[in-house]
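Single-structure report; data block below.
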Amino acid sequence: MKTKIFSTAAIYFLSGIILFIINSQLYGKPELHTLKIIVGQTTREYTIYLPSAYDGEKTLPAVLMFHGGGGQSLHAMKETGWNKKAEKEGFIAVFPQAMPPDPARPISFRNNSPIWNDGSGRFHAGKKDIDDIGFINALIDELVTRFHADAKCIFATGFSNGASMTFRAGLELSERIAAIAPVSGALWITNIQPAVCLPLCYIHGGADTMNPVHGGAPKTQGGIIMGEGKSKPPVKNHILRWAEICGIPAEPLTAVLSNGITMKHYAAGRNGSTIMQYTIEKCGHTWPGGISLLPASMVGEVTGEFIAVDVIWEFFKKTRSCQRNTVITE
């Protein structure tokens, strides 16, 4: 009988050791997964980076990074470096994937280009009215319930068409997102009042011909018209519109930083909302501090003088709604 009791205890003990080893292997190391969720009757995809700090129990902030028009989730990770920033700072980085015109065919920048339904009405996404807001809403649910993301610390950023999608999400999902940081994109929507005014960090290049500072049709560096030729509003319109929405005074504090970088700070409005705007003089239609998968002859130069992920994360982690929950590292 004693032998039997000992054997049973030994089994439980060994089982505990095995479970501990398995859990140690699952957590404590960075993980990258490409996953799918069903939204309505449509299968949507996203890539998620879980940092070493992720243990499946404690809540972590999450950053949604929306790729540019024609891009892919993994490309966005490579171009921006949000996965590396997530590993360093201990948050979850998420890279949603837009829908191509024909989901049955492989994605192609030239022939089957994924586009976000950013409110402009452009391309297949706008014309078919693809439910990207529904996708983002469902994705946030997934992050909170499955991955224990902090519901008060969900942030959104994006590039180009993904920046415009970020603006739209900030308007229509303002009760689920803590702050937004569009990079080189337009605010197309003018008829929606958000339930909550969100902090905005807006970054753009002074040499960006695809998102021209003074507005107009997007063009390559060589002058070829892109984006169906639909004229973009001037950058100042995006800022002033957000200031108007949130009751932020339109007169900013302006500072000229080193290496042709200008910063404008618009004082706090409703719900503690504020606007930070950065203009990088020599930067083209590229992610500042990242890499570009497109040639400079098309999109312009990448700058190494301004690291967008660093600036944006500093902005995000100081957001009032989740400041006490975010681990701030120096």
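Which residues, counting only those in the stretch 34-83, are closer than 25 Å to residue 307 by Cα and assigned to a strand (DSSP E or B)? Before you say what the answer is, go through the steps one by one.
Within the stretch 34-83, the first condition is being closer than 25 Å to residue 307 by Cα, and the residues that meet it are 46-54, 60-83.
The answer is 46, 47, 48, 49, 50, 60, 61, 62, 63, 64, 65, 66.
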>> Tell me whether the stretch 59-73 contains one or more residues that are without any contact (Cβ under 8 Å) to a residue 40 or more places away in the chain and surrounded by fewer than 14 Cβ atoms within 10 Å (Cβ to Cβ).
In response: no
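Considering each residue of the stretch 254-287, count those that are β-branched (Val, Ile, Thr) and surrounded by fewer than 14 Cβ atoms within 10 Å (Cβ to Cβ), and give that number. Please lay out each step first, then the result.
Just the residues of the stretch 254-287 that are β-branched (Val, Ile, Thr), to begin with: 254, 256, 261-262, 274-275, 279-280, 286.
Okay, now just the ones that are also surrounded by fewer than 14 Cβ atoms within 10 Å (Cβ to Cβ), so 254, 256.
So the count comes out to 2.
Being at pLDDT 95 or above, over 16 Å from the mean Cα position of the chain (by Cα), assigned to a helix (DSSP H, G or I) and surrounded by 24 or more Cβ atoms within 10 Å (Cβ to Cβ): is that true of residue 86 here? Can you show your working first?
Values: at pLDDT 95 or above: yes; over 16 Å from the mean Cα position of the chain (by Cα): no; assigned to a helix (DSSP H, G or I): yes; surrounded by 24 or more Cβ atoms within 10 Å (Cβ to Cβ): yes.
Here the answer is no, as residue 86 does not meet what is asked.
Keeping to the stretch 252-271, report how many residues are in a loop (DSSP other than H, G, I, E, B) and under 26 Å from residue 307 (Cα atoms).
To start, the set of residues in the stretch 252-271 that are in a loop (DSSP other than H, G, I, E, B) comprises 252, 257-260, 267-269.
Checking which are under 26 Å from residue 307 (Cα atoms) leaves us with 252, 257-260, 267-268.
Of the residues in that region, 7 qualify.
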>> For residue 112, only one of the following conditions fails: (1) under 25 Å from residue 59 (Cα atoms); (2) in contact with an Asp or Glu (Cβ under 8 Å, 6 or more places away or on another chain); (3) surrounded by fewer than 18 Cβ atoms within 10 Å (Cβ to Cβ). What is its number?
In response: (1)
> Has the stretch 211-229 got any residue that is surrounded by 14 or more Cβ atoms within 10 Å (Cβ to Cβ), modelled with pLDDT of 95 or more and under 20 Å from residue 315 (Cα atoms)?
Replying inline: no
>> Let me spell it out: the conditions are (1) among the charged types (D, E, K, R); (2) under 17 Å from residue 206 (Cα atoms); (3) not in a loop (DSSP other than H, G, I, E, B), and residue 305 meets all of them except one. Which number is the exception?
In response: (3)
>> Please go through (1) in a loop (DSSP other than H, G, I, E, B); (2) touching a Lys or Arg at 6+ places or on another chain (Cβ under 9 Å); (3) free of Cβ contacts under 8 Å to residues at least 24 places away in the same chain; (4) not β-branched (Val, Ile, Thr) for residue 290 and return the number of the only condition it doesn't satisfy.
In response: (3)
>> Residues that are on the phi > 0 side of the Ramachandran plot and of a type in the set (Ser, Thr, Tyr): does the stretch 175-192 have at least one?
In response: yes
> Taking the stretch 99-120 on its own, how many of its residues are in a loop (DSSP other than H, G, I, E, B), under 21 Å from residue 184 (Cβ atoms) and in contact with a helix residue (DSSP H, G or I) (Cβ under 7 Å, 6 or more places away or on another chain)?
Replying inline: 5
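The values are calculated or read from the model by the stated rules, or taken from the named source; none is laboratory data. From a predicted model like this one, the values you see are computed outputs, not experimental measurements. We place every Cβ from the backbone using ideal geometry, glycine too, and count neighbours over all the protein chains shown.
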